[in-house]
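These notes are about the structure you will find just below.
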Amino acid sequence: YPLPGRQSCLLVEFTSTPEALSAWRRAYDRDILSLGTLFNARLARASTDAQLEAARARPLTRRERETLAWIAAGKSYWETAVILGISERTIRHFMANAREKLDVVNNAQAVAEAVWRGLIPRLAEPNSRD
C-alpha cells in the first residue's frame, strides 16, 4: 500500500488463496490505508522529535550561527571570512560543521533549517543574535 507524503509503503502479508485475498482486500483496503497513513504520520512526528532532540544535544556554536547568518544574507565564503576577520578555510569548516549538526547536505538547506529552528534571524541580520 503506497502512503501519501513521504516515500513509504505498508506491507501486509496474507497467506491464503487468491480468492480469499481478493475478498479480504474488498472488505479491509480502506481500513489498511487509514492505518498505514496514521502509522506514517506518527512515525514522521517521532522522527521530527528525535531530530530536534539530537539538535539540542549538538547545538551550533556562536561562530557557526554567525557564519550561517552571513551566508543567508548572500555573502560568499570569502566575503564572510573578510567580515568576520578569519580565513575562508575556517568559514568552510564552520559551514561543514553546521551542515552536519543540522543534518542537511547543502548550504541552502542549512540556512532554511537554521531559520526554521530559530537559530538565525528570518531576515538575515547577522549580529542580532548571540
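The values are calculated or read from the model by the stated rules, or taken from the named source; none is laboratory data. All values reported here derive from a predicted model rather than from experimental measurement. Methodologically, a virtual Cβ is constructed for each residue, glycine included, from the backbone with ideal geometry; neighbour enumeration extends over all protein chains shown.
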From the options Ala46, Ala54, Ala41, residue that is farther than 30 Å from Glu13 by Cα and modelled with pLDDT under 90: Ala54
Selection from region 84-114 of residues that are closer than 13 Å to Thr61 by Cβ and hydroxyl-bearing (Ser, Thr, Tyr): Thr90
Verdict on Thr90 being at pLDDT 95 or above, on the phi < 0 side of the Ramachandran plot and loosely packed, with under 13 Cβ neighbours inside 10 Å: no
